[in-house]
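To start, the structure under review is shown below, and the notes come after it.
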Amino acid sequence: EFSRRLGQYASRTRFCEVFVDNTYQGIYILTEKIKRGKNRLDIAKLSEADTTGVGLTGGYVVKIDWNTSPGWTSPFSQPNSPNIYTYFQHEYPKWDEIHPAQADYIRRYVDSFEVALKGANFQDPGAGWRHFGDEKSFLDFLYINELSKNVDGYRLSTYFYKNRDDQGGKINMGPLWDFDLAWYNADYCDNWLASGWAFDINYVCPDAGVPFWWERLLQDTLFSQNLA
């Protein structure tokens, strides 16, 4: 609901009462899975034939999560975790359906984003990270994960997508997913403290798995001003 109010897509939800064998189980939330589609995450559909031109540029959905399927590894280590590198997985198209040219394209695009963000000119509006990433989506993603002190934020159940170049074409954070351990609902990694940044969890629990992105973004003067 927060995400929708901020203008970002989020999976639809409905409250429902659950009965199993006529025994009442309580109130649950029925939630749509994250999927590409006209009535879900409305980005361009990719077919195996989209291997050149603008068709190759989107749409893609990538996730950071437990390593359960083939993907690729970031060339950059994580804050306070010199031996840990973020692992990216193909969510759409799935790893066993994506064409090699498409897998290579999205890997190279994310690499370019990370190189720009890590580079000396990362704040440059043309040559820096904003050339590859949509700032508002990064701000919105940070707001919600920090307001909820999401202990899984940024490192698990984290999705981002890229539409075709003629339909925006930049990395957008989201859709949001999996906040069951947010809102003071975890008893580890200082999650019960109202102070501190959730994205700094690597300094509280070493090797927790948050990419360098968020620490670096807060070093961007304009990003920090816009966040404020």
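For the stretch 76-88, the count of residues that are modelled with pLDDT of 95 or more, part of a loop (DSSP other than H, G, I, E, B), at negative phi and touching a helix residue (DSSP H, G or I) at 6+ places or on another chain (Cβ under 9 Å) is at least one. Residues in the stretch 203-228 that are farther than 15 Å from residue 146 by Cα and touching a Ser or Thr at 6+ places or on another chain (Cβ under 7 Å): 206, 207, 211. Among the numbered conditions (1) touching a residue at least 12 places away in the same chain (Cβ under 8 Å); (2) surrounded by fewer than 20 Cβ atoms within 10 Å (Cβ to Cβ); (3) at negative phi, the only one that residue 49 does not meet is (1).
Residues checked against (1) open to solvent by less than 10 Å² (accessible area, probe 1.4 Å); (2) at pLDDT below 95:
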| site | (1), (2) |
| --- | --- |
| 139 | no, no |
| 169 | yes, no |
| 180 | no, yes |
| 217 | yes, no |
| 223 | yes, no |
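Considering only the stretch 47-71, state which residues are of a type in the set (D, E, K, R) and assigned to a loop (DSSP other than H, G, I, E, B). So that I can check it myself, show each step before the final result.
Looking only at the stretch 47-71, we keep the residues that are of a type in the set (D, E, K, R), and these are 48, 50, 63, 65.
48, 50, 65 - these are the residues of the stretch 47-71 that are of a type in the set (D, E, K, R) and assigned to a loop (DSSP other than H, G, I, E, B).
Return yes when residue 44 is open to solvent by 70 Å² or more (accessible area, probe 1.4 Å), in a loop (DSSP other than H, G, I, E, B), closer than 17 Å to residue 101 by Cβ and modelled with pLDDT of 95 or more and no when it is not. Taking the combined requirement at face value, the residue does not satisfy it.
Checking each residue of the stretch 141-149 against the condition of being surrounded by 20 or more Cβ atoms within 10 Å (Cβ to Cβ), of a type outside the set (A, V, I, L, M, F, W, C) and either touching a Phe, Trp or Tyr at 6+ places or on another chain (Cβ under 6 Å) or under 28 Å from residue 47 (Cα atoms) (or both) gives no match. In the stretch 175-186, the residues that are under 12 Å from residue 146 (Cα atoms) reach residues that are part of a loop (DSSP other than H, G, I, E, B) and of a type in the set (Val, Ile, Thr) with C-beta atoms within less than 9 angstrom, at least six apart or across chains, in these pairs: 182/151.
If you filter the stretch 104-123 down to residues that are open to solvent by 20 Å² or more (accessible area, probe 1.4 Å) and either charged (D, E, K, R) or touching a Lys or Arg at 6+ places or on another chain (Cβ under 8 Å) (or both), you find that the one that is farthest from residue 159 (Cα to Cα) is 118.
Would you kindly identify the helices (runs of 4 or more DSSP H) lying entirely within the stretch 134-228 that contain at least 1 residues that are of a type in the set (A, V, I, L, M) and under 13 Å from the mean Cα position of the chain (by Cα)?
Numbers: elements: 135-147, 201-204, 213-217, 221-227.
The qualifying helices (runs of 4 or more DSSP H) are 135-147.
Can you name the residue in the stretch 1-41 that is free of Cβ contacts under 8 Å to residues at least 12 places away in the same chain and among the β-branched types (Val, Ile, Thr) and is also surrounded by the most Cβ atoms within 10 Å (Cβ to Cβ) among such residues? Checking each candidate, the answer is 18. Pairs are defined by a Cβ separation below 9 Å, a sequence spacing of at least 6 or placement on different chains, a first member in the stretch 193-210 that is under 13 Å from residue 86 (Cβ atoms) and touching a residue at least 12 places away in the same chain (Cβ under 8 Å), and a second member that is part of a helix (DSSP H, G or I) and among the β-branched types (Val, Ile, Thr); the pairs so defined are 208/201; 209/201; 210/201.
The values are calculated or read from the model by the stated rules, or taken from the named source; none is laboratory data. Note that the structure is predicted; figures quoted are calculated from it, not measured. Note that we place each Cβ from the backbone using ideal geometry, even for glycine, and neighbour counts take in every protein chain shown. These area figures cover heavy atoms from the full protein model, side chains too; ligands, DNA and RNA do not enter into them. Shrake-Rupley method; radii C 1.70, N 1.55, O 1.52, S 1.80 Å.
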